[in-house]
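Taking it in order: structure first as structure tokens, then the write-up.
The values are calculated or read from the model by the stated rules, or taken from the named source; none is laboratory data. Predicted model, so just to flag it, every value in this text is computed and none were measured. Using ideal geometry, Cβ is built from the backbone for each residue, glycine included, and neighbour counts are taken over all protein chains shown. We work out accessible area using only protein heavy atoms, side chains counted, and drop any ligands, DNA or RNA first. Shrake-Rupley method; radii C 1.70, N 1.55, O 1.52, S 1.80 Å.
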Amino acid sequence: MAIESGQSLCTALREVAGPFDLLDDGYPKWHPAPHSFEGMVCLFIYRELTGESYRGLTRYPELADVFGLEKIPDESVLSRTWRNRFDDATRTFVTTAAHYVVKEIHDRDIHVPEARPKAEVVSSDRDPSAFQEDSDEDEPLEFTTEQVQRTTRLARDHGFDGFDSGRAANATYEDTQFFELQTFMGMVGCGTPQGASRFQYRHGLDSGPHGDTHLRAVKQFEPDALIEGFDAATDRLISVIESEASFRRPVTAAIDITTIPYYGDVEGMAMVSGTKDHESRAFKFATISIVGRNIPLILGIEPIRESSEWDKNPPNKIHRVVRRLVKRAQEHVPIETVLCDREFDSQRVLQTLSNLGVNYLIPKRINSTEREAIETMETDGEAVAVETASVHVEAGNHQLRFLYVPSTKGDGTAVFATNLRVGPDEAETVCRRYSRRWQIENEYKSIKNDFLAKTSSKDYRVRLFYFVFAVLLHNIWRLTDFLLKAGVSGEMDYAPVLTAGECVELVCSALIPPD
């Protein structure tokens with residue numbers, strides 16, 4: 001591909017004569033895909049040359065004529081093409097060819113405004129001379145700035161492309177600019193008015209929307225559409241890692257509920273609930289997350305709507321929340337086991353999980369029946385016991401076991417319910433799996449302390465957007481960290497090599513063009 005100074009990439013690509021006959025189209029001839037294979041390869045080369053996101057490509061319909069396509073495919077078609085239609089050889093050809101051209105453009109000082117920065121495609125990890133002959137396996141993982149920036153940008157593109165406010169195409173600000181501001185607000189831990197002012201002070205008056213404009217745009221995201229956008233973003237993020245050998249399947253997942261405090265008047269606030277201390281008020285969100293020795297991504301979010309004295313809500317059906325979360329998560333990854341805390345100890349929840357075809361491990365509330373069993377164990381000198389029981393509800397029935405094991409929190413006995421076939425010899429080992437659930441508590445701390453922007457708004461659309469966006473930033477952080485660690489040999493562990501604050505700052509810098 002030859003390109004001259006001042007020549008556009010479109011003109012150069014229109015004239016390119018690549019080795020397309022040596023590449024295999026992953027779709028058979030009878031496949032109904034309307035877009036030519038050669039045209040799609042050229043379109044993806046253009047994307048790699050410019051660094052455009054999938055959504056960014058859809059804003060340039062004129063590219064269809066350049067690459068011989070009927071129209072520019074939408075984001076889902078582009079994602080499927082890269083994942084399913086292109087094999088490893090085609091993907092390697094696209095990235096290698098595009099990155100070589102980007103390096104040539106910058107090395108020869110050719111004026112091509114559309115070309116992405118060289119730093120995004122070149123780093124010392126690709127230069128054999130940058131590695132020492134002898135390596136110390138005990139050395140901590142270190143990554144170049146270019147590696148981190150490039151990986152963060154990849155994760156950010158896949159995360160944000162799932163959201164669309166539905167605003168007019170000729171709007172003053174693109175959705176991405178609102179995401180910039182929201183990310184900045186989470187990074188500095190402030191509210192919308194202060195965040196918008198500080199953002200404009202740092203990047204210029206025309207760099208982003210005013211605070212009231214930002215809030216109006218946020219309210220364009222209806223709750224259902226926002227959750228669907230998060231699901232689409234999660235699917236894109238999972239697609240990035242599904243080929244990594246260090247990503248273990250099937251996964252263990254944890255479900256829990258977190259609260260975001262609310263201090264205002266509760267009159268008319270249907271989504272505000274009471275808390276365990278019976279004095280505070282809060283918005284509640286349930287999530288399902290991957291836990292264990294795997295990438296700790298949050299796979300689903302479910303707003304909690306409870307019955308309170310200040311509203312007319314029907315009682316919350318927690319088993320329905322569980323069903324929606326697990327079914328949503330199963331669309332992304334196969335789930336082997338679900339961990340929940342005592343708040344989910346109910347027969348309907350247990351039957352729901354059984355009906356969904358997953359194993360479960362849930363601590364039981366200690367009632368009179370459990371106390372009698374524990375007293376019998378003490379009398380008989382037993383430290384571990386397993387009881388067989390069954391669940392019978394309108395949704396079905398199944399057999400389960402109650403595991404009585406020594407408590408890990410001190411003296412006494414803990415009781416767990418599970419549908420696994422477990423005998424006394426395996427009971428303690430199985431129950432130790434429950435310790436993986438602590439990861440979800442760390443996730444909530446990180447979301448609230450590192451990613452959640454402040455707001456006092458009573459509008460639930462604002463509250464939900466802020467929380468969902470904070471969870472998305474958390475997922476981008478963990479995906480970036482996973483991709484960095486997946487690029488080196490060794491055992492994958494939970495501890496991140498990239499801090500949450502570093503990731504948010506990198507996402508901001510990747511979104512905001514340099515001065």
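Some observations on this one:
- Alpha-carbon centroid distance for the pair the range 93-109 / the range 417-468, whole angstrom: 44 Å
- For Thr413, the residues whose amide H sits under 5 Å from its own are Ser407, ignoring neighbours fewer than 5 places away on the same chain, with H placed 1.01 Å from N.
- Surrounding net charge for Thr352, when Lys and Arg each add one and Asp and Glu each subtract one, Cβ distance under 15 Å: +3
- Between Gly300 and Ile288, the built amide H atoms are under 5 Å apart, and every one of these is 5 or more places off in sequence or on another chain.
- Semi-axis lengths, Å, the range 293-398, gyration tensor of Cα atoms, sqrt of 5 times eigenvalues: 29, 20, 14
- The Cβ shell under 14 Å around Lys448 holds other residues with a net charge of 0, Lys and Arg each +1, Asp and Glu each -1.
- Over the range 27-88, the fraction of Cα-Cα pairs per 5 Å bin, rounded to whole percents and listed from the shortest bin up, is 4, 19, 32, 30, 12, 4, 0.
- Here the 3J(HN,Hα) profile of the range 77-86, calculated from phi with Karplus coefficients 6.51, -1.76 and 1.60 at θ = phi - 60°, is 5, 4, 5, 5, 4, 5, 7, 10, 7, 8 Hz, Gly and Pro shown as x.
- Judged by the mean number of other Cβ atoms found within 10 Å, the most tightly packed of the peptides 300-311, 176-187 leads the ranking 176-187, 300-311.
- Table column - 3J(HN,Hα) (Hz), the range 215-220, Karplus curve with 6.51, -1.76, 1.60, x for Gly and Pro: 5, 5, 5, 4, 6, 6
- Cα pair distances of the range 354-499 binned at 5 Å [whole percent]: 2, 7, 13, 13, 11, 11, 12, 13, 10, 5, 2, 0
- Extent of the range 366-422 along its three principal axes (Cα atoms, max minus min coordinate, largest first): 37, 20, 19 Å.
- Ratio of the Cα radius of gyration of the range 212-308 to 2.2 N^0.38 Å, where N counts its residues: 1.36
- Heavy-atom accessible area per residue - the range 336-381, 1.4 Å, Å²: 48 Å²
- Highest to lowest packing among 37-50, 74-87, 274-287, scored as the average C-beta count within 10 Å: 37-50, 74-87, 274-287
- Phi-based couplings in Hz for the range 437-451 (Karplus 6.51, -1.76, 1.60; Gly and Pro marked x): 5, 4, 4, 5, 5, 5, 4, 4, 4, 5, 4, 6, 8, 10, 10
- For the range 247-368, the fraction of 1.4 Å probe accessible surface lying on carbon and sulfur atoms is 45 percent.
- Taking other residues whose beta carbon is less than 11 angstrom from the beta carbon of His106, and scoring Lys, Arg as +1 and Asp, Glu as -1, yields 0.
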